[in-house]
């Protein structure tokens, strides 16, 4: 599967299920049979030597998928036990259970432990769960997580909200999750990323026409999408065609932040990069990055000529929240140029209602997003899609909501989910690089949506590439700089 690719919410997946059932002349069990068989093929692919398999089934159709898988495993000569966390309640699950038992399969009622096994299959809940699991199910999920065997989750790791990507309560920690019909949007961001393990898709061999008119609710972007954003430059290109980024920030003691933004803007292809910062930082910035035209700006009046010459303004890294930061932020936003707003500029924006120029982009992490929306971080993480949409609506500009599975929300567009990045990037200064990346692309003529999406993807992919060299722990923002350049040139003459 090449990116970008569509992501679907549970309402769309239910519509696909209905169409799949219609394709089988109304036989809904035919679809369940295919799902269970696909689960068994996944077992054979990844755990071919697993001889003792325990399938933990819930009461609904996800449990039915588990019974079908268990029947195939037993017929293949494996030692299989189905553990019922609840009796099958749906008609399809009851039929699947009956067929498993008719084939000689054993069913055990769940107590508090799970027997020895080479593999566990989670078939407790499917895509419909949006609340914390209840008492008995919490115990079953805890038992799965405490068991030493690897775990395959069918469709969704039980306890994960397939709409939002959050875990309202306890959730299964799967080693691999097999999605049915189409890719689920809730498995690509937030807490879900710590529960899914490897993701696979089983489309159940339905004809392409079944998907006609079923609208996705998000689009996923992986590193292989970068080439489409970065074509070769024309041979007669020059710096004037590639935009002028003005990086504003670096109050006393924070000059490194604005340096990182400037370096990223240069490595991502901006034709010209200027820096406006405190006078005390000018010499150090010139020594570290002579390519950036660095200027002392001790008050907002010092920005006037710089703002006139810039095509895009990157503001926030190291800005501080004092009088200097407030003054230069107001001046930068008043210039009317597209702005990439990050870090302290976001915190100032949360406390002071300042209109944003057209074409601007906000790049908050969850804490900054919570301050901008006047809520708690937990509310942001509970539904990252809704938070990104609320930020875009409130501030009237595109938003990159950073974090695991960053979400880009632009006007009149599906949210873009960035399927790249790693925990090593959770270190001070990484966001400053992103500010420079996005600003550089905006300056080069990328649309607001593409600058935000490609900038976030380029930044995350560079983090992954750098982590491959020496690991995630101890990864520094400067380690990404060579990779920003390499990945921004996926097609070379």
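The values are calculated or read from the model by the stated rules, or taken from the named source; none is laboratory data. Remember, it's a predicted structure, so these values are computed and weren't measured experimentally. Cβ sites come from the backbone with ideal geometry, for glycine too, and all protein chains shown count toward neighbours.
Some observations on this one:
Let's see how each residue does on (1) surrounded by 22 or more Cβ atoms within 10 Å (Cβ to Cβ); (2) within 24 Å of residue 333 (Cα to Cα):
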position	(1), (2)
377	no, no
380	yes, no
386	no, no
390	no, yes
398	yes, yes
402	yes, yes
406	yes, no
411	no, yes
419	yes, no
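- Residue match in the stretch 196-207 (condition: closer than 19 Å to residue 124 by Cα and outside any strand (DSSP E or B)): yes
- Exclusive hit being touching a helix residue (DSSP H, G or I) at 6+ places or on another chain (Cβ under 6 Å) and either without any contact (Cβ under 8 Å) to a residue 60 or more places away in the chain or surrounded by fewer than 16 Cβ atoms within 10 Å (Cβ to Cβ) (or both), set 304, 335: 335
- Filter result (closer than 20 Å to residue 244 by Cβ, part of a helix (DSSP H, G or I) and touching a strand residue (DSSP E or B) at 6+ places or on another chain (Cβ under 9 Å)) within the stretch 320-358: 328, 329, 331, 332, 333, 345
- Residues satisfying the stated conditions in the stretch 275-294, i.e. surrounded by fewer than 20 Cβ atoms within 10 Å (Cβ to Cβ) and closer than 23 Å to residue 477 by Cβ: 280, 282, 283, 284, 286, 287, 288, 289, 290, 291, 293
- Scanning the stretch 108-128 for residues being outside any strand (DSSP E or B), touching a helix residue (DSSP H, G or I) at 6+ places or on another chain (Cβ under 7 Å) and touching a residue at least 40 places away in the same chain (Cβ under 8 Å) gives a total of 7.
- Within the stretch 227-242, the set of residues being in a loop (DSSP other than H, G, I, E, B) and within 29 Å of the chain's Cα centre (by Cα) comprises 230, 231, 232.
- Of everything listed in (1) more than 30 Å from residue 14 (Cβ to Cβ); (2) touching a residue at least 40 places away in the same chain (Cβ under 8 Å); (3) part of a loop (DSSP other than H, G, I, E, B), the single unmet condition for residue 262 is (3).
- Qualifying position, being surrounded by fewer than 21 Cβ atoms within 10 Å (Cβ to Cβ), closer than 30 Å to residue 21 by Cβ and at pLDDT 95 or above, among 209, 213, 198, 186: 198
- Among the residues of the stretch 304-319, those that are in a helix (DSSP H, G or I) and either closer than 14 Å to residue 439 by Cα or modelled with pLDDT of 95 or more (or both) comprise 306, 307, 308, 309.
- Within the stretch 97-107, the set of residues being farther than 23 Å from residue 145 by Cβ and not in a loop (DSSP other than H, G, I, E, B) comprises 97, 98, 99, 100, 101, 102, 106.
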